[in-house]
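I have placed the structure first, in the form of structure tokens, so that the comments after it can refer back to it.
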Amino acid sequence: MLTAQQALDHLLSHARPVKESESIPMQATLGRVLAENVNSLVDVPPLDNTSMDGYAVRTADTSSAGHVLKVAQRIPAGSMGTQLEPGTAARIFTGAPVPPGADAIVMQEDCAIPEGSNDQVQVNIAPTSGQWIRRRGEDLTAGKTALTAGTFLRPQELGVAASAGLTHLNVKRRVKVAAFFTGDELALPGEPLKPGGIYNSNRDTLLACLKSLGCDATDLGIVPDRLDATRAALRKASKDHDLIITSGGVSVGEEDHIKPAVSAEGRLDLWQIAIKPGKPLAFGAVRKSDEPKDGEAWFIGLPGNPVSSFVTFLLFVRPFILKLQGREEKLPQSYFMRADFDWLKADRRNEFLRVKTNTQGGLDLFPNQSSGVLTSASWGDGLVDCPPGQPIHKGDLVKYIPFDALLK
């Protein structure tokens, strides 16, 4: 069996970003991936401006505290001031352009109005040149790159693009993923359960994961435990999709048909990895047609147990999809945290334990780590990456990966 890292490296070595892109209105690009660099159309800010309400002054006139200056002009945001003459100040408000001749802003809290005066201000500090002034282009410079290709567009990136003057962005098309689920025991919520039946939790979990990554996800439903039905589902899924994901049927039982079906409809490159939960993970490709020129759809077969399916999606499918999207590759953020539990039954496989941060700055372990107990993932807020053969003693530092870093 391959290690988790070997398996991930193998998957990522095959992934290639989708080539197609489209230019769409910026407000429709949230959750999409930039296909090309975005250059700013303007300097941001376009002029030197003040970051505080106060008074624009010349430091030559305010070399010591207590100078009294004539207030010669008033400049609200959106207005332009005139040349600031020696011995004068300008009343100015946050965001307003600094008038020519001024080289510092004094906050209004550091000023006072002389008693009986309507047009004077007393400056009670000696400002330094450049104080409280935001310089032209200090955020973005016209013609320079504001956002790079491969950037996943969050609200803050849309704000940057707007400040750069953009109305449309060129983004990668959505990655198209088909998912189906094998198992005669499966039923959808709302349907009556037959004896021995269970509700299909993987469908909603995995489709939600795909949507959270911005994929165009197609639900092909539950496929009967038959080789012919599994092959037919693979052929249907391969037609218009970049990736096929299945859940269940990847083990070695007589009713597990994924392995022979994928081998018949394409090829299987990887099967079984040394992790727990999630050993029976399959990777390969399915032909889109009998014509080689039509290419292939990638295939990843996940285990049927709900925790195994969820964890292997996060660890292997997610990074594969990110690379298909052309996103900048980033390892999920992890931390070393204190284990407030014992895990003494070390496994020869790399284990991923469901844990929860506690108020004492440590990690608590969900008591039942079975791959069928999905409530462990709902209760927890992350995983502990436990290396093969390594027990954990209370107080040990362990590698913690929060779910928040794996679900975006």
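The values are calculated or read from the model by the stated rules, or taken from the named source; none is laboratory data. The model shown is predicted, which means the values in this text are computed figures rather than measured ones. Ideal geometry is used to build each Cβ from the backbone, glycine not excepted, and the neighbour counts take in all protein chains shown. Calculation scope for accessible area: heavy atoms of the full protein, side chains included, ligands and nucleic acids excluded. Shrake-Rupley method; radii C 1.70, N 1.55, O 1.52, S 1.80 Å.
Quick one: ranking MET80, MET1, MET26 by accessible area, 1.4 Å probe, largest first, what do you get?
Putting MET80, MET1, MET26 in descending order of accessible area: MET80, MET1, MET26.
Comparing VAL38, VAL250, VAL106, which has the greatest mean-square fluctuation in the GNM of the chain with Cα pairs linked when under 10 Å apart?
Comparing VAL38, VAL250, VAL106 in the GNM, the peak value goes to VAL106.
So between ASN358 and ASP404, what do we pick up on full extension, going 0.36 nm a residue minus the alpha carbon distance?
My answer for the length gained is 14.9 nm.
Restricting to DSSP loop positions (anything but H, G, I, E, B) with no more than 15 other Cβ atoms inside 10 Å of their own Cβ, which trypsin sites (Lys or Arg not before Pro) remain in region 338-369?
Numbers: sites: ARG338, LYS345, ARG348, ARG349, ARG354, LYS356; in loops: LYS345, ARG348, ARG349.
Those that pass, being in a loop and sparsely packed, are LYS345, ARG348.
Using Cα centres only, tell me the gap between region 229-244 and region 42-109 in whole Å.
66 Å
Could you tell me the accessible area of LEU193 in Å² (1.4 Å probe, neighbours in place), rounded to the nearest ten?
80 Å²
Filter the GluC sites (Glu not before Pro) in region 4-99 down to the DSSP loop ones having no more than 15 other Cβ atoms within 10 Å, then list what survives.
GLU20, GLU36
Of the listed values (1) 59, 27, 17; (2) 41, 25, 20; (3) 34, 24, 19, grab the one calculated as semi-axes √(5λ) of the Cα gyration tensor in Å from the structure here.
Step by step, semi-axes √(5λ) of the Cα gyration tensor in Å for this structure corresponds to label (1).
Excluding ligands, DNA and RNA, what is the solvent-accessible area per residue of the chain at a probe of 1.4 Å, expressed in Å²?
Averaged over the residues of the chain, the accessible area is 47 Å².
Cut-off 20 Å, label point 7 angstrom out along Cα-to-Cβ of PHE93: give me the residues of region 101-144 whose amide nitrogen falls inside.
Counting backbone N atoms under 20 Å from the label point, the list is 105-113, 118-121, 132-134.
May I ask you to give the percent of accessible area on the chain that is carbon plus sulfur, with a probe radius of 1.4 Å?
Result for the chain: 51 percent of the exposed heavy-atom area is carbon or sulfur.
By per-residue mean of other Cβ atoms within 10 Å, what is the highest-first order of 288-295, 365-372?
Descending mean neighbour count gives 365-372, 288-295.
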